[in-house]
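Contents: one structure, followed by commentary.
No value in this document is a laboratory result; all are computed from the given coordinates. Predicted, not measured: the structure shown is a model, and the values here were computed from it. Glycine also receives a Cβ, built like all others from the backbone with ideal geometry; neighbour counts cover every protein chain displayed.
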Amino acid sequence: MKLALKEAKKAFKHDEVPIGAIIAHSKTGEIVAHAGNRTIELSDPTAHAEIVAIRALCEKLKSQRLMDYDLYVTLEPCAMCAAAISFARINRLIIGAEDAKGGGVFYGAKFYEQPTCHHKPKVTNGILADECGQILKDFFKNKR
């Protein structure tokens with residue numbers, strides 16, 4: 001999660017909402033993809049950290065399935081990202097801070113609880129939650 005926070009800090013410096021994601025191999029722990037939000041930089045509303053990292057690894061592996069990989073993300077994924085994580089068949093999702101306002105795992109759509117969800121990753125949350133939440137608070141405080 002500390003590496004995901006580094007990605008969030010990079011996003012912060014580029015005036016992007018500071019969310020970071022890391023993908024690691026489930027068995028070896030090797031970091032194979034990393035990203036921060038890039039929606040402004042790429043003029044792409046889907047360029048959330050999770051999706052950017054998933055796209056990078058899928059391209060590298062020439063596969064749409066990532067069953068042997070774990071995704072670490074600093075903030076609870078939105079419904080769009082939760083769906084992408086499911087469609088990619090990510091093995092495990094590790095979340096920093098929960099997101100009562102825009103989350104799609106524990107709040108809102110609760111994507112993995114829907115009958116239309118074909119794959120639910122193992123989910124762990126609350127890892128470095130205070131640090132992951134604080135960077136977002138600092139970012140939006142600076143915006144006001």
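Work out how much length Lys13 to Met80 would gain on full extension: take 0.36 nm times their residue separation and subtract the Cα-Cα distance, in nm to one decimal. Mind dumping the intermediate values first?
Working: separation 67, 0.36 × 67 = 24.12 nm, distance 2.44 nm.
So the chain would gain 21.7 nm between Lys13 and Met80.
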If the limit is 31 Å between Cα atoms, which of Lys110/Lys143; Lys120/Lys141; Lys60/Lys143; Lys60/Lys122; Lys101/Lys122 go over it? Lys120/Lys141; Lys60/Lys143
Around Asn125, which amide H atoms from residues at least 5 apart in sequence, or from another chain, sit under 5 Å from its own amide H, with H modelled in the peptide plane? Ile95
Using Cα pairs closer than 8 Å and at least 6 residues apart in sequence, work out the relative contact order for the chain, in percent. 21 percent
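If packing is taken as the average number of other Cβ atoms within 10 Å across a peptide's residues, how do 57-69, 5-17 rank, most packed first?
Details: 57-69: 14.2, 5-17: 18.2.
Result, highest mean first: 5-17, 57-69.
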So which residue, out of Leu128, Leu42, Leu93, gets the largest mean-square fluctuation from a GNM of the chain using Cα contacts under 10 Å as springs? Leu42
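Express as a percent, rounded to the nearest 5, the fraction of DSSP beta bridges in the chain (both residues included) that run antiparallel.
Numbers: 10 of 19 bridges.
The antiparallel fraction comes to roughly 55 percent.
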Membrane-span-like helices (DSSP H runs, Cα span along own axis at least 20 Å, mean Kyte-Doolittle at least -1.0) in the chain -> 129-143
Other-chain or far-sequence residues with amide H under 5 Å of Ala109's (modelled H): none
Efficiency by 1/(1 + (r/R0)^6): what FRET value for Ala129 and Ala109, r their Cβ-Cβ distance, R0 = 25 Å, to the nearest 0.05? 0.75
Could you rank the peptides 31-39, 112-120, 46-54 by their average count of other C-beta atoms within 10 Å per residue, with the highest value first? 46-54, 31-39, 112-120
Taking θ = phi - 60°, what integer Hz values does the Karplus form 6.51 cos²θ - 1.76 cosθ + 1.60 yield along segment 16-31, in sequence order, with x for Gly and Pro? 9, 4, x, 10, x, 9, 10, 10, 10, 5, 4, 8, 8, x, 4, 6
Cut-off under 5 Å, modelled amide H: who pairs with Val32 long-range: Ile23, Ala24, His25
If you plug each phi of segment 97-113 into the Karplus form 6.51 cos²θ - 1.76 cosθ + 1.60 with θ = phi - 60°, what whole-Hz ³J(HN,Hα) values come out, in order, with x for Gly and Pro? 9, 6, 10, 5, 7, x, x, x, 9, 9, 10, x, 5, 6, 3, 6, 9
